[in-house]
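See below for the structure under consideration.
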Amino acid sequence: MGKSGSGKTSMRSIIFSNYIARDTRRLGATIDVEHSNVKFLGNLVLNLWDCGGQEAFMENYFASQKDRIFKNVEVLIYVFDVESRDWGSDLHYYQSCLDAIRANSKDARIFCLIHKMDLLPEQQRDQIFEDRIRELRSRSEPLKIEGFRTSIWDETLYAAWSQIVHCLIPNIRTLESHLEYFCRTCDADEVVLFERTTFLVIANAATVNHQDLHRFEKISNIIKQFNLGCSRSQTRFKSMEIRGSSFTSFIDVLTNNTYAMVVMSDPNIQSAATLLNIAAAKKHFEKLEATR
């Protein structure tokens, strides 16, 4: 949810419908509520409700559709346009959403996205984001919220949505523990699991620390764009091996619904051995996926 023009439909189209950022300019405003059922990880269906943010629609949601829209909600994603000239009105509708969530879906997770951050001067972004999230947390009490800064032009969009879908995946802790075992068995620096269609990060395991906290989302963005380029050329992306001066990275299909990225830095481990380990792990992770 969010006011009209905040960017809700654009981000949904990029993540789930394979739009690239510049193509979202031709998307029109959402009328009332657009429903979409998105298959994620094969057997998980995300029932997304994209609610138009025009004032008349927003008033109607709270006046006569409250029980229909806010019943059985798992996640509320509220999108704020960081350049909105009517922050007071944004807060009014946000608090109306919180009231409806408390009454109808008290266990729902709440995510607040401060969107279009690319429009701000870089030196102002941190301060403005912190100020907005601080105020939203204060106004949301006693409910807890998670806040993200986002833009359709960089990896921040993938960072936010990876966290959102992560909380919806059943038995995610079991999957993470098996990924950690696989990482240690391969003597890998890191193993990252991506959902095959969206390239959102599902889970990761690491044996070394990395300074770049946004590396997963950057990879998601890059590989998804490469995959879209392959599709336009009527070819399919299956696997990739990247060699650097101090590491080798393998990206390969792990299950019908996931890709795995395995990062190796030990020069004594041959690429063929890593590829064999990935191939050997496929049946195990397919069986694990089937039990979800």
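The values are calculated or read from the model by the stated rules, or taken from the named source; none is laboratory data. As the structure is a prediction and not an experimental result, all values here were calculated from the model. So basically every Cβ, Gly included, is an ideal-geometry build from the backbone, and we count neighbours across all protein chains shown. Calculation scope for accessible area: heavy atoms of the full protein, side chains included, ligands and nucleic acids excluded. Shrake-Rupley method; radii C 1.70, N 1.55, O 1.52, S 1.80 Å.
Quick rundown of the values:
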read-out	value
Å² of accessible area per residue within the chain, as computed with a 1.4 Å probe and no ligands counted	52 Å²
Environment charge of Arg109, counting only residues whose C-beta is closer than 11 Å and scoring Lys/Arg +1, Asp/Glu -1	-2
Using alpha-carbon coordinates, inclination of helix 87-104 to the longest axis of the chain, degrees	80 degrees
Relative contact order [Cα under 8 Å, 6+ residues apart], the stretch 245-292, whole percent	36 percent
Beta bridges by DSSP in the stretch 66-213, antiparallel share as percent, to the nearest 5	30 percent
Ranked order, Trp161, Trp49 - accessible area, probe 1.4 Å, largest first	Trp49, Trp161
MRE, 222 nm, helices only [DSSP H, n ≥ 4, -39500 (n - 2.57), over the chain, to nearest 500]	-13500 deg cm²/dmol
Carbon plus sulfur fraction of accessible area for the chain, probe 1.4 Å, in percent	47 percent
Overall form of the stretch 217-292 per C-alpha gyration tensor (a/c, 1.5; a/b vs b/c)	oblate
From phi via Karplus (6.51, -1.76, 1.60), per-residue ³J(HN,Hα) for the stretch 10-26 in Hz, x at Gly/Pro	4, 5, 4, 5, 5, 6, 10, 10, 6, 6, 9, 4, 5, 6, 6, 5, 8
Percent of beta bridges antiparallel (DSSP, the chain, rounded to nearest 5)	75 percent
Antiparallel DSSP beta bridges within the stretch 23-143, percent to nearest 5	55 percent
Aspartates and glutamates whose Cα lies under 16 Å from that of Lys283, excluding same-chain neighbours fewer than 8 positions away	Asp252
Solvent accessible area, Å² - Arg102, 1.4 Å probe, full protein context	90 Å²
Angle in degrees between helix 271-290 and the longest Cα principal axis of the chain, rounded to the nearest 10	50 degrees
Dipole of the chain [Lys/Arg +1, Asp/Glu -1 at C-beta], most positive-end residue of Asn209, Ala29, Ser239	Ser239
Given Lys66/Lys106; Lys8/Lys71; Lys106/Lys144, the pairs whose alpha carbons are separated by over 18 Å	Lys8/Lys71
Accessible-area ranking of Tyr181, Tyr259, largest first, probe 1.4 Å	Tyr181, Tyr259
